[in-house]
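First the structure, in the form of structure tokens, and then the observations on it.
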Amino acid sequence: MDAEDYRRTSYEAWVAMAPGWERWRAQLEESLAPVRKWLITELAPRPGETVLELSAGPGDTGFAAAAIVGEQGRLISTDFSPDMVEVARRRGAELGLENVDYRVVDAERIELDADSVDGVLCQSGYMLMADPAAALSETRRVLRASGRLALSVWSAPERNPWAAIGGRFLVERGHMPPPEPGAPGIFSMASEERARALLEGAGFTAVRMQEVPVRWAFRSLDEYESWVTEVAGAFAMVVRGLPEDERKALRSQLNDAFTPFATNGGYELPGVALCAVAS
């Protein structure tokens, strides 16, 4: 798939996922809380600053920064899916935030002036972009000289069974092609070497990385399947399109593979995010 085809299908997927991200927002916020805390701590926004969030989804990470920059500061909450932007807008209204601008923004072509923001947040975004190098270069362009970027991507597949197991089964059953090296995807920036090379190639000179563990809790396999089909982007679109017999076969494989993660109340699947702060 060439870059333009990928951008189109990715856009369609994330428009389709917006309702699910709104429904599952509280669960996503809870599961990703350790990553959000790390990003906000390392970005260290200050009162009066302007913070840009890319690939904001429902917006919770950026909203944590908005509370810190205060009335004299500003959060620019963005996503390339207009439906996701509306999800964030509704959540911001619930929280009573008045210092947030909501915009549809393609991170590879950020429509902001150079040297115009003090900090950039991007949680689980760059790895899914058609050209993360271009997006990171754009990030560096809009940051002021003293500006900071705090980002997260997902670490290696074996560290993230919540995503890797189902993806492996779909590949094995011929419903998805094996991931191509360097192609966008959930694990495309899983290695510190690749993530650092992309950041340094974009002009960031100070880069520090840290792994942050998370836990995904599900009450049942049914709940996990519902979650996957409503929030998991391109993966969800594949699962939604499976015939019923293939969905049953996939469920049987998942039931066996998830046995080690069973708890009295369902399943608890571990994950590891690779987080970075750069300037």
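The values are calculated or read from the model by the stated rules, or taken from the named source; none is laboratory data. None of these values were measured; they are calculated from a predicted model. Here Cβ is always computed from backbone atoms with ideal geometry, including for glycine, and neighbour counts include all displayed protein chains. For accessibility, only protein heavy atoms count, side chains too; no ligands or nucleic acids. Shrake-Rupley method; radii C 1.70, N 1.55, O 1.52, S 1.80 Å.
Worth pointing out:
- Pairs, first farther than 14 Å from G119 by Cα in region 62-86, second open to solvent by 10 Å² or more (accessible area, probe 1.4 Å) and acidic (D, E), C-beta under 6 Å, six or more apart: F80/D106; V85/D79
- Hits in region 82-123 - residues which are under 23 Å from L274 (Cα atoms) and in contact with a strand residue (DSSP E or B) (Cβ under 6 Å, 6 or more places away or on another chain): A107, D118, G119, V120, L121, C122, Q123
- Of the helices (runs of 4 or more DSSP H) that lie entirely inside region 183-253, those containing 3 or more residues that are among the β-branched types (V, I, T) span 221-231.
- Residue match in region 60-80 (condition: under 17 Å from the mean Cα position of the chain (by Cα), under 24 Å from R240 (Cα atoms), in a strand (DSSP E or B) and at pLDDT 95 or above): yes
- E192 being under 24 Å from T61 (Cα atoms) and open to solvent by 70 Å² or more (accessible area, probe 1.4 Å): yes
This table checks each residue for (1) under 25 Å from W14 (Cβ atoms); (2) modelled with pLDDT of 95 or more.
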site: R196; (1), (2): no, yes
site: V212; (1), (2): yes, yes
site: E223; (1), (2): yes, yes
site: F258; (1), (2): no, yes
site: N264; (1), (2): no, no
site: V272; (1), (2): yes, yes
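- Residue within region 9-26 that is without any contact (Cβ under 8 Å) to a residue 40 or more places away in the chain and either among the aliphatic types (A, V, I, L, M) or in contact with a Ser or Thr (Cβ under 6 Å, 6 or more places away or on another chain) (or both) present: yes
- Being closer than 25 Å to F235 by Cβ and part of a helix (DSSP H, G or I) holds for only one residue in G57, G20, and it is G20.
- Filter result (loosely packed, with under 15 Cβ neighbours inside 10 Å and not in a helix (DSSP H, G or I)) within region 254-271: A262, T263, N264, G265, E268, P270
- Flag if V207 is open to solvent by less than 20 Å² (accessible area, probe 1.4 Å), modelled with pLDDT of 95 or more, of a type outside the set (D, E) and closer than 26 Å to A150 by Cβ: no
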